[in-house]
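The block underneath contains the structure these notes are about, expressed in structure tokens.
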Amino acid sequence: MADNKDDEILGKAYDSKLMKRLLFYIRPYKKYMVLAIILNIIVAALGPLRPYLTKIAVDDYIFHKNYMGLLWIVLGLFAVLIFQSFMQYLLTYYTQYLGQRTILDLRHQLFAHTQRLAARFFDKTPIGRIVTRVTNDIESLNELFSSGIIMVFSDVFIVIWIFGFMFFLDWKLSLVALSVLPILFYGTFLFRKKVRESYRDVRFHLARLNSYMQEHVTGMSIIQIFHKQKEEYKDFSNINADHKKANIDSIFYYAVFYPGVELLSSIAIALIVWYGGGEVVQKNIQLGVLFAFIQYTEMFFRPIRDLSEKYNIMQTAMASSERIFKLLDDDTMIHNPAQPLPLTDLQGAIEFKNVTFAYNEPDYVLKNISFKIEPGQTVAIVGATGAGKTSIINILTRFYDISSGEILVDGIDIRKVDKKELRKYISIVLQDVFLFSGSIKSNISMNNPEIADEDIYRASRLVGADKFIQQLPLQYNEEVKERGATLSVGQKQLISFARALAYDPRILILDEATSSVDTDTEQLIQQAIEELLKGRTAIVIAHRLSTIQNADTIIVLHKGEIKEMGNHQELLAKRGIYYKLYQLQYKDQERIKST
Ligand code: M5T
Ligand code: MG
């Protein structure tokens, strides 16, 4: 629940600091903003003009039986209406244009920022929350830009304008019409408060519904295997029912408020007819004035009612912008040095010097790690689950920065070079293969224009992925669906090997998956690995005995510390941890293979 705190922010409807920052995004489109405001004022002014024209029609022409004049005034009314519609069209178009342009920029910035964030950020932030920022929160800003800010102007303007006309025509009648306002204001105030609370509930329950859906669709096969459909269905029904209840609550307020406003407006009109009618009978006012007043009274209820909705838009937008800015201001990044050292033509020597590292200080997962790899050598890291093997990779690629010590490539501290430069030389094959939607080809090249089709084919042939790809209906252009759901684990792994090889890296990092594959694929993968390692510096987190045996150096990691180091023969002779591990884990593999 604490994780939802951010999504619960419901602050002020107007915060000058946030607004200032928001306006910064509108600045490039200032001219559309000005245009929209002008259009707004025109539209706002045209509406109240019509009752006034009606009044003239009644008092000056109908009463005096002036048919020609009446025709003209009706044509005038018609012209005003046409003009108003056209202005309305322009207004709608340009306000939406303004909104869309602004959120386009903001969304760009948000995504770019998210891309720069470090692994630490993603460790503590649920994906759903980031997605919400880029979708829902941005959407509520769109509403602010495209209707909120500008429409508030027009609503206020219309109300003032109508009141102006009314008082100009007859101040006593105006006071009669406005007598219901205190009730309207109070009702609106109550409504706003209630709706706000219920909206928060709706949002909360919607978020719950979404995350439940997402999690359970993803894990559907587990649910089916364990035959948990009934229980899961019950949980879901409860969440669904809560969501329904929250929505119905909020609908209830609307169902009361809108007819209430309607009722008030009818009462106001009745008062006008009653009092104004008397005045007309006593010849204190003209009949046309009464007509105009009835129309004005109908007219001013809408903007006042809408203002409460605008208030909600403003409030939601302020809360959203606060969350968006919080994400934009998040500085959980791996920073590049101000003056990065050049990293040209890397040879691929790697050295760890007394490296200590923690995901969360002071829980050190790597302690005092020192080792050295010459260019072209292969180092295998072995150790129990949770020993810190993957963590070594995470700090070499600068997904995380270390607490103390030094990591050097070709003798240069990796914190002194541009991390983009560093990563250019490193390819990595991770424990879980991640495929993106797109073709097999784009998954291998990662859409890098520097990688030609030929490179893709060659890499695939070398790692032995070519064979199964050729058998796909569209071969390299075959779509990868749902992150590779239609491919086997071994096939996905071969693709990720091809991806690593296509980049022709100086340094290759391999975090082998423990999952076993069939013997054919196993052999394919083995050959692929051998191909990958040729002529590069490699760090291999190995579970396959053959990979380990051929390594130049084996590092035995235990609870974040290096316990043993040497080649296969040396470590066996030592009869230490590696020897035991070998007995337990690898001996069986060997026996199976030799039979
Ligand atoms: C080493 C912790 C993990 C373990 C220790 C990746 C990661 C790990 N850890 C975190 O707290 N946050 C993280 O993001 O660090 O973990 P490892 O380096 O992943 O271990 P391994 O690769 O040797 O294990 P395995 O299972 O892959 O063989 O205490 O909790
Ligand atoms: Mg690991």
* Apply the membrane-span-like helix rule to the chain: whole DSSP H runs, Cα extent along the own long axis of at least 24 Å, mean Kyte-Doolittle hydropathy at least 0.0. List the helices found. => 30-56, 67-116, 149-169, 229-281, 287-329
* Structure fact -> Counting sequence-distant residues (5 or more places) and residues on other chains, those with an amide H built under 5 Å from that of Ile381 are Val540, Ile541, Ala542, Ile555
* In nanometres, what is the gap between the two model label sites at Lys230 and Phe325, each 7 Å from Cα along Cα-to-Cβ? -> 5.3
* To do: May I ask for the distance between the Cα centers of the range 215-249 and the range 265-306, given as a whole number of Å?
  => 55
* To do: Would you list which aspartates and glutamates come within 12 Å of Lys244, measuring only between C-alpha atoms, while excluding same-chain residues fewer than 8 positions from it?
  => Asp201
* Structure fact -> The set of residues whose placed amide H lies less than 5 Å from the amide H of Val429, leaving out same-chain residues fewer than 5 positions away, is Ile509, Leu510, Asp511
* Can you list the HN-Hα couplings for the range 369-374, worked out from phi with the Karplus curve (6.51, -1.76, 1.60; θ = phi - 60°), rounded to whole Hz and with x for Gly and Pro? -> 8, 9, 6, 9, 10, 7
* Excluding same-chain residues fewer than 8 positions from Lys326, which lysines have a Cα within less than 16 Å of its Cα? -> Lys5, Lys17, Lys20, Lys124
* **the range 59-101-the range 528-582 distance, computed between alpha-carbon centres (Å)** => 84
* What list of ³J(HN,Hα) values in whole Hz, one per residue of the range 556-569 in order, does the Karplus curve 6.51 cos²θ - 1.76 cosθ + 1.60 (θ = phi - 60°) give from phi, with Gly and Pro shown as x? -> 9, 9, 9, 6, x, 10, 7, 9, 9, 8, x, 8, 3, 5
* Structure fact -> In deg cm²/dmol, rounded to the nearest 500, the helical mean residue ellipticity at 222 nm of the chain, built from -39500 (n - 2.57) for every DSSP H run of length 4 or more, is -20500 deg cm²/dmol
* Starting from the amide H of Tyr503, placed 1.01 Å from N in the peptide plane, find each other amide H under 5 Å away whose residue is 5 or more places distant or on another chain. => none
* Asked: Rounded to the nearest 5, what % of the DSSP beta bridges within the chain are antiparallel ones?
  -> 50
* Asked: Using the per-residue mean of other Cβ atoms lying within 10 Å as a proxy for protection, in what order, highest first, do the peptides 30-43, 230-243 fall?
  -> 30-43, 230-243
* Structure fact -> In the chain, taking the dipole from +1 charges on Lys and Arg beta carbons and -1 charges on Asp and Glu beta carbons about the Cα centre, the listed residue (Val433, Gly219, Gln100) farthest towards the positive end is Gln100
* Pull up the cross-link candidates among the lysines for Lys492, meaning alpha carbon to alpha carbon under 19 Å and not fewer than 8 places away within one chain. => Lys441, Lys467, Lys481
* Rough spin-label spacing in nm, given labels placed 7 Å along Cα→Cβ, for Asp413 and Ser488 -> 4.9
* Asked: What is the dipole size for the chain, taken about its Cα centre, with +1 at each Lys and Arg Cβ and -1 at each Asp and Glu Cβ, in debye to the nearest 20?
  -> 960
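No value in this document is a laboratory result; all are computed from the given coordinates. Bear in mind that the values here come from a model prediction, so they are computed numbers and not experimental data. All Cβ positions, glycine included, derive from the backbone under ideal geometry; neighbour counts span all protein chains shown.
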